[in-house]
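A short write-up of the structure that comes next.
The values are calculated or read from the model by the stated rules, or taken from the named source; none is laboratory data. What you are looking at is a predicted structure, and each value in this text was computed from that prediction instead of being measured. Using ideal geometry, Cβ is built from the backbone for each residue, glycine included, and neighbour counts are taken over all protein chains shown. SASA here: full protein model, heavy atoms, side chains in, ligands and nucleic acids out. Shrake-Rupley method; radii C 1.70, N 1.55, O 1.52, S 1.80 Å.
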Amino acid sequence: MTDMTGLRASILEESHEKGRHHLAAAKEKIHTELEQKKTQLLLEKEAYRMSQLNDINRRVQREKQQLENQARQSTLTTKQAVLKELFLAAEAQMTAWSEGEHLSFLKSVLKLYQDPITVQFGQLTAEKLSEDTWASLIADYPNAHFERKSISHEAGFLIIRGQIDDNYLYSSLVTGLWESESFRLASDIFQAD
């Protein structure tokens, strides 16, 4: 019986050894799978975090671009307002000229015309001309007819040659200058920006 007991003990020992071996293998497999799962979760978490960071970065870049665009637009609007004020001030200054300054400008323009013309003044300029000035103009420029009817609320004058009107009304001159020169002037004035 001792042989039987020894065999039994040997079989039990072998079974325990196999069980321990299976248990150790199962533990190792579970540990390996756990480590793989941890690594996979960490990679997924890092990918998700990077995706979130990229979304935040894109949103920040978009908002930054919008702010820069708004700042540029605001600066442009301010520059345009400053230029508009300059042009309006120039028109106001021309309108406020003395009779002599109006006449000086008129005479510099009349030198350009040899054919018969009609001169029609803006109301604001006509009001500054004395009767002596009207008489002097008529005498000095026999090829010109000086119309007494003026253009309401305007300064400057029109030169009428048949069907063609050459516009020297100060508002039109300043508007024309604004349209043709404002970009160049803005570049010159605000070149530091």
So how strong a dipole does the chain carry about its Cα centre when Lys and Arg Cβ are +1 and Asp and Glu Cβ are -1, to the nearest 20 debye? 1160 debye
How far, in nm, would the chain grow between GLU17 and THR32 when pulled straight, counting 0.36 nm per residue and subtracting the alpha carbon separation? 3.2 nm
Residues of the chain: accessible area per residue at 1.4 Å, in Å²? 74 Å²
Length-normalised contact order of the chain, Cα under 8 Å, at least 6 apart, in percent, tallies to 18 percent
For region 1-87, the accessible surface attributable to carbon and sulfur atoms (probe 1.4 angstrom, ligands and nucleic acids excluded) amounts in percent to 60 percent
Tell me the carbon and sulfur percent of the accessible area for region 99-173, rounded to whole percent, probe radius 1.4 Å. 50 percent
Under 5 Å, built H, 5+ apart or other chain: amide partners of GLU154: GLN123, LEU124
